[in-house]
């Protein structure tokens with residue numbers, strides 16, 4: 001046997017050309033094989049949408065790696081204080097004053113103690129008419145209520161006046 005190379009006739013390929021062609025065919029074959037791994041009959045799931053970019057803010061730069069808590073909306077302003085019904089000094093000690101437009105009667109049974117009650121009599125729904133002699137009086141049928149707690153002092157009313165919440169601040173009396 002002869003080990004000398006045989007000259008190639010026209011149109012024959014060299015070993016180097018054959019190996020290069022085989023490599024190219026192999027790469028195309030692998031790509032074709034991977035393409036065949038798709039699931040047919042189902043659409044591929046779309047990737048999730050990108051989250052929106054945060055709006056730019058004008059704040060001091062943070063240190064690298066620092067995290068910022070989410071911004072909270074500002075707290076709403078407190079509601080305005082109710083207008084004062086009266087000053088404590090306007091309410092006589094041992095007596096009271098009726099505020100018909102607010103349907104409330106404010107009393108001061110002893111100095112510095114402020115109480116408030118509904119100005120509607122529990123007997124027949126008439127408005128109370130005066131505060132005198134330590135009682136809140138209804139002139140419709142003669143019912144009387146104690147200024148300290150609104151309880152019935154004299155009938156025909158059978159139940160106490162409803163208490164009304166008030167707040168005393170800076171010498172002013174306000175509905176709470």
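What follows draws every value from the coordinates through simple rules; no lab data is involved. Given the structure is predicted, the values throughout are model-derived calculations rather than measurements. Here Cβ is always computed from backbone atoms with ideal geometry, including for glycine, and neighbour counts include all displayed protein chains.
Inside the range 149-176, can you point out the residues that are in a loop (DSSP other than H, G, I, E, B) and loosely packed, with under 15 Cβ neighbours inside 10 Å?
Here is the first cut: in the range 149-176, the residues in a loop (DSSP other than H, G, I, E, B) are 149-151, 155-162, 164-165, 170-171, 176.
Those that are in a loop (DSSP other than H, G, I, E, B) and loosely packed, with under 15 Cβ neighbours inside 10 Å: 149, 151, 155, 156, 158, 159, 162, 165, 170, 171, 176.
Go through the range 119-171 and give me each residue that's under 19 Å from residue 87 (Cα atoms) and touching a helix residue (DSSP H, G or I) at 6+ places or on another chain (Cβ under 8 Å).
Correct list: 119, 168, 171.
Please determine whether any residue of the range 85-94 is assigned to a loop (DSSP other than H, G, I, E, B), in contact (Cβ under 8 Å) with a residue 24 or more places away in the chain and in contact with a strand residue (DSSP E or B) (Cβ under 6 Å, 6 or more places away or on another chain).
yes
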